1. Where the second residue is among the charged types (D, E, K, R) and in a loop (DSSP other than H, G, I, E, B) and the first is under 26 Å from Leu120 (Cα atoms) and within 16 Å of the ligand (Cβ to nearest atom) and lies in the range 233-262, which pairs have Cβ atoms under 8 Å and are six or more apart or on separate chains?
2. Please specify each residue of the range 393-426 satisfying the condition of being more than 15 Å from the ligand (Cβ to nearest atom), at negative phi and either without any contact (Cβ under 8 Å) to a residue 24 or more places away in the chain or open to solvent by 10 Å² or more (accessible area, probe 1.4 Å) (or both).
3. Identify all residues within the range 129-159 that are surrounded by fewer than 21 Cβ atoms within 10 Å (Cβ to Cβ) and in a helix (DSSP H, G or I); write none if there are none.
4. Report yes if Ala334 is open to solvent by less than 70 Å² (accessible area, probe 1.4 Å) and within 30 Å of Phe84 (Cβ to Cβ), otherwise no.
5. Pairs needed: first member in the range 289-305, open to solvent by less than 20 Å² (accessible area, probe 1.4 Å); second member anywhere, in a loop (DSSP other than H, G, I, E, B); C-beta distance under 6 Å; at least 6 residues apart or different chains.
6. Report those strands (runs of 3 or more DSSP E) wholly inside the range 20-110 carrying at least 3 residues which are within 30 Å of Met205 (Cβ to Cβ) and under 22 Å from the mean Cα position of the chain (by Cα).
7. Out of His165, His100, I need the residue that is within 16 Å of the ligand (Cβ to nearest atom) and either crowded, with 18+ Cβ neighbours inside 10 Å or touching a residue at least 24 places away in the same chain (Cβ under 8 Å) (or both). Which one?
Amino acid sequence: MKYVSTRGDAPVLDFSGALLTGMAIDGGLYVPDSWPSLTADQLARFRTSQYHEVAAEVIGLFVEGSAIEQTDLAQMTEAAYATFRHPEVVPTRQISEDEHLLELFWGPTLSFKDVAMQLLGRLFEHELGRTGRTLTIVAATSGDTGSAAIEACRDRAGIELVMLHPNGRVSEVQRRQMTTVLSPNIHNVGVDGTFDDCQDLVKAMFGDRPFRDEMRLGAVNSINWARVSAQVVYYVVSSVKLSDQYKAKVSYTVPTGNFGNILAANIARTMGAPIDRLVIAANSNDILPRTHESGEMAMDSVVATSSPAMDIQVSSNFERLLFELFERDGKALADAMRAFRSEGVMRLDSAQLVALQDGFGAGHATESEVNDTIAEVYEQCGTVIDPHTAVAVSVGRKNRAESGPMVYVASAHPAKFGDAVEAAIGIEPQLPPHLSDLLDRPEKCEVVDPDLGSMERYVRSVALPSAS
Ligand SMILES: *Cc1c(COP(=O)(O)O)cnc(C)c1O
């Protein structure tokens, strides 16, 4: 399988190349040159397979043609998913006759980011060891990505990880999940500024080509194709299981920020998993539902909500769907993205809008709807959900089609966003045992001035010498 850039002007790579490169040099995102299909035989077999076995087989389709051996991949998926605290890895929980939660938060840092990151860290180490290379990963986080990436990369050979977060603007639990990891290859940086300032610094470092090449910068955000490929697996597994139970296709409502998670659902459906409707669920930052309704993607300012992982205006992975809506014309998409960046608006033509509306439903939940939904689900079935999950339940219930089971993606453990949960139901959810002493552990964090020169000097001071 080969990977091409959504902007049509970057080298064609294999899976390993896309893994280590992150963003394409033309500013685009890597996607497979064609979509593989799952056979009826595979889908039938997956009903009784273990999660890590399905992962090896599904991700194996994307890895094909690279130097990663399928047996090595199978070992990596087995190790990655052994870190989850539930035997099914990503269990579903029934909350009414035909509604289920897909619980993606049983990994080490309590959000769905672990599902992809636990594999990504192992893939990096494997490929760096094979090629004798080193990688300096720089990334920005507003919360969940940071801890998941740190947990996945700690103590791995060949990797130094520099994680930027806005000083004083992440919750104490989120900060401590990052700063209490004392491994020598983990470098937390608190930036005096906003998440956007952090993101801009990372983009500027990637845009500095000599620096990018010299430091061998790598990416762990969801522009990295390997992450999306790992997320396809839980849609295959859960849809196969539930469609067998209901003898019907399964619909999903996905709490959406950067569009990585719901993109993976769409890929699973394209590959032949028994999936019916997909609903994009946004919080008050509703650029995607507005685009879905009018065909006009218009940037607005970001507002802070109780579901901060979705406080995003520009969803980077939406570009991978746009590539399909533009019928894989990279040049046309590159022009449209340039215009969007400079004018803040992009207009879909009528065929593109129809394709978007045929493929997806969309809606948003206000802060009071999120609060009410947490309370409603708790009253109905005693299940405590986090605010991101509540966005999905609220939007999904407003968008229910007539028939078939609906799955709401539960993207975080409620204890990660305990304040919002407590405000809704008066109960503070407890952290699981492996994190219960989090507030007593020592922290390690640097503060670096929010300018490119200072950041680049810092990254240079921690980067590993190149082996080549
Ligand atoms: C990252 C995140 C999201 C948004 O997922 P995308 O793939 O960016 O759309 C939703 N909920 C939680 C808890 C997250 O950490």
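1. Gly257/Asp311
2. Arg397, Lys398, Asn399, Arg400, Ala401, Glu402, Ser403, Glu422, Ala423, Ala424, Ile425
3. Scanning the range 129-159 gives Gly129, Arg130, Thr131.
4. Numbers: open to solvent by less than 70 Å² (accessible area, probe 1.4 Å): yes; within 30 Å of Phe84 (Cβ to Cβ): no.
Taking the combined requirement at face value, the residue does not satisfy it.
5. Matching pairs, first to second residue: Gly295/Leu348.
6. On the way: elements: 30-32, 92-96, 99-103.
Those strands (runs of 3 or more DSSP E) span 30-32.
7. Result of the check over His165, His100: His165.
Listed here are the residues, each with its yes/no results for (1) touching a helix residue (DSSP H, G or I) at 6+ places or on another chain (Cβ under 7 Å); (2) open to solvent by less than 10 Å² (accessible area, probe 1.4 Å); (3) in a loop (DSSP other than H, G, I, E, B).
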residue	(1), (2), (3)
Val220	yes, yes, yes
Tyr235	yes, yes, no
Leu242	no, yes, no
Thr253	yes, yes, no
Ile262	no, yes, no
Ala265	yes, yes, no
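The values are calculated or read from the model by the stated rules, or taken from the named source; none is laboratory data. Quantities reported herein were computed from a predicted structural model and do not represent experimental measurements. Quick reminder, even Gly has a Cβ in these numbers, built from the backbone with ideal geometry, and neighbours come from all protein chains shown. The accessibility values were calculated without ligands, DNA or RNA, using every heavy atom of the protein model including side chains. Shrake-Rupley method; radii C 1.70, N 1.55, O 1.52, S 1.80 Å.
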